[in-house]
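Undergrad: Here's a structure for you.
The values are calculated or read from the model by the stated rules, or taken from the named source; none is laboratory data. Small disclaimer: the values here were computed from a predicted structure and weren't measured. Positions of Cβ are backbone-derived with ideal geometry, glycine not excepted, and every protein chain shown enters the neighbour counts. For the accessible areas, the whole protein counts, side chains as well, though only heavy atoms, and no ligand, DNA or RNA atoms are used. Shrake-Rupley method; radii C 1.70, N 1.55, O 1.52, S 1.80 Å.
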Amino acid sequence: MATNRRGSARAKKLLADIGFDEVTDIDMEILVSGLGATLIEEPLLNADGKIIRGNSKTLIKVNSVIPYEAKRRFTIAHEIGHYLLHDKLEVHNENSNTLNWFNDIETTFQRGIQEFEANDFASELLMPEVAFRKEIEGNYFSPDLFSHLSERFGTSITSTVYRILDLNIHPVLIVFIHDGKVRYWKKSPDLWCRVKDINKLPPPDDSVAREYIDAHYEFVYSGDEKQQSIYRSTWFELNEYQEDSEFFEYCIPTKQYKTIISVIWEN
Ligand SMILES: [Zn+2]
């Protein structure tokens, strides 16, 4: 599963075909129509986006009620991925499940490989590997860098951070928390730590994520304080001979959905 790169490979081919390094400054409507489909932004019930294939025309719809431009763009890019990769898919709706990166392998498998491929496509289309790596080079790894990247590529901080993990740019642990409990986590292969048993449990007492839950998903820290110093032992097992050491944790809360994305890395 982890080695399936059909989505990003197709996005790379698209960028090469149109002769652009990236599509950051291209209006999504123009991009979609250039590919022969029609983009419609309208209020949708219970869906972030959908694709409808007719005999000769394909419609890509995105929910105009989504308040975040970055999320609308990611949804459209995901649908373009279906359009170019999955021609058997006739009508398909997106929701928080299909657009969620933080599912474990099992759920990804049940949900179908097509969603994984469409997300992989969207990531590469909006944050092309070469441009993305170049933007990070020589920069200090911090929440300011995440904000910079997300503005630079017009993507959410969540997809930006996930991209860092996916491209194995810097060792991180990303934890997805919903309704006070850890739902999923993903870790860079280079982060040599064993994550504590946290699935379906509240985040650790001394974690920053816990502070955000106690604050009812309001922003607790801002500016330079966005990254908080924690211990290795907060999220990871220490082995018998290991001394505790400094790690950092940064949380992105969304009050509306009662979610927290927690990003953890070593000093
Ligand atoms: Zn989809």
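Undergrad: May I ask you to list the residues in region 18-51 that are open to solvent by 60 Å² or more (accessible area, probe 1.4 Å), under 23 Å from ARG152 (Cα atoms) and in a helix (DSSP H, G or I)?
TA: Selection gives ILE18, GLU29, ILE30.
Undergrad: Please note which helices (runs of 4 or more DSSP H) are completely contained in region 113-191 and include at least 3 residues that are buried (at least 17 other Cβ atoms within 10 Å of the Cβ). Before you say what the answer is, go through the steps one by one.
TA: Working: elements: 113-126, 129-136, 143-153, 157-166.
Those helices (runs of 4 or more DSSP H) span 113-126, 143-153, 157-166.
Undergrad: Does PRO203 fit the bill of being free of Cβ contacts under 8 Å to residues at least 60 places away in the same chain and closer than 18 Å to TYR231 by Cα? Break it down into steps so the answer makes sense when it comes.
TA: Working: free of Cβ contacts under 8 Å to residues at least 60 places away in the same chain: yes; closer than 18 Å to TYR231 by Cα: yes.
When the stated conditions are applied, PRO203 passes them.
Undergrad: Looking at region 60-96, which of its residues are under 15 Å from ALA122 (Cα atoms) and of a type in the set (Asp, Glu)?
TA: Residues satisfying the conditions are GLU69, GLU79, GLU94.
Undergrad: What pairs come out if I take residues in region 178-190 that are in contact (Cβ under 8 Å) with a residue 12 or more places away in the chain and pair them with residues that are part of a strand (DSSP E or B) and of a type in the set (Phe, Trp, Tyr) whose C-beta lies under 8 Å away, six or more apart or interchain?
TA: From region 178-190, the pairs are VAL182/PHE176; ARG183/PHE176; TYR184/PHE176; TRP185/PHE176.
Undergrad: For region 65-96: of the residues being open to solvent by less than 30 Å² (accessible area, probe 1.4 Å) and of a type in the set (Gly, Ala, Ser), which is nearest to ILE157 (Cα to Cα)?
TA: Among residues in region 65-96 that are open to solvent by less than 30 Å² (accessible area, probe 1.4 Å) and of a type in the set (Gly, Ala, Ser), the one nearest to ILE157 (Cα to Cα) is ALA70.
Undergrad: How many of the residues in region 220-255 are under 19 Å from TYR184 (Cβ atoms) and without any contact (Cβ under 8 Å) to a residue 40 or more places away in the chain? Break it down into steps so the answer makes sense when it comes.
TA: To start, the set of residues in region 220-255 that are under 19 Å from TYR184 (Cβ atoms) comprises 234-237, 249-254.
Filter again for without any contact (Cβ under 8 Å) to a residue 40 or more places away in the chain, leaving 234, 254.
Of the residues in that region, 2 qualify.
Undergrad: While we're on this one: Can you name every residue in region 113-147 that is within 16 Å of the ligand (Cβ to nearest atom) and either assigned by TED's automatic domain parsing to the domain that holds PHE219 or charged (D, E, K, R) (or both)?
TA: GLU115, GLU117, ASP120, GLU124
Undergrad: Collect the residues in region 65-79 that are among the β-branched types (Val, Ile, Thr) and away from the ligand (no atom under 11 Å from the Cβ), keeping them in residue-number order.
TA: Taking region 65-79 and keeping what is among the β-branched types (Val, Ile, Thr), we get 65-66, 75-76.
Once the filter is applied, which keeps residues that are among the β-branched types (Val, Ile, Thr) and away from the ligand (no atom under 11 Å from the Cβ), region 65-79 yields VAL65, ILE66, ILE76.
Undergrad: Sticking with this structure for a sec: Can you list residue pairs whose Cβ atoms sit under 6 Å apart, with the first residue in region 54-81 being under 11 Å from LEU39 (Cα atoms) and the second being part of a helix (DSSP H, G or I) and of a type in the set (Val, Ile, Thr)? Count only pairs 6 or more apart in sequence or on different chains.
TA: What qualifies is ILE60/VAL32; VAL62/THR75; VAL62/ILE76.
Undergrad: So, in region 203-238, how many residues would count as being within 22 Å of the chain's Cα centre (by Cα) and of a type outside the set (A, V, I, L, M)?
TA: Going through region 203-238 one residue at a time, the tally reaches 13.
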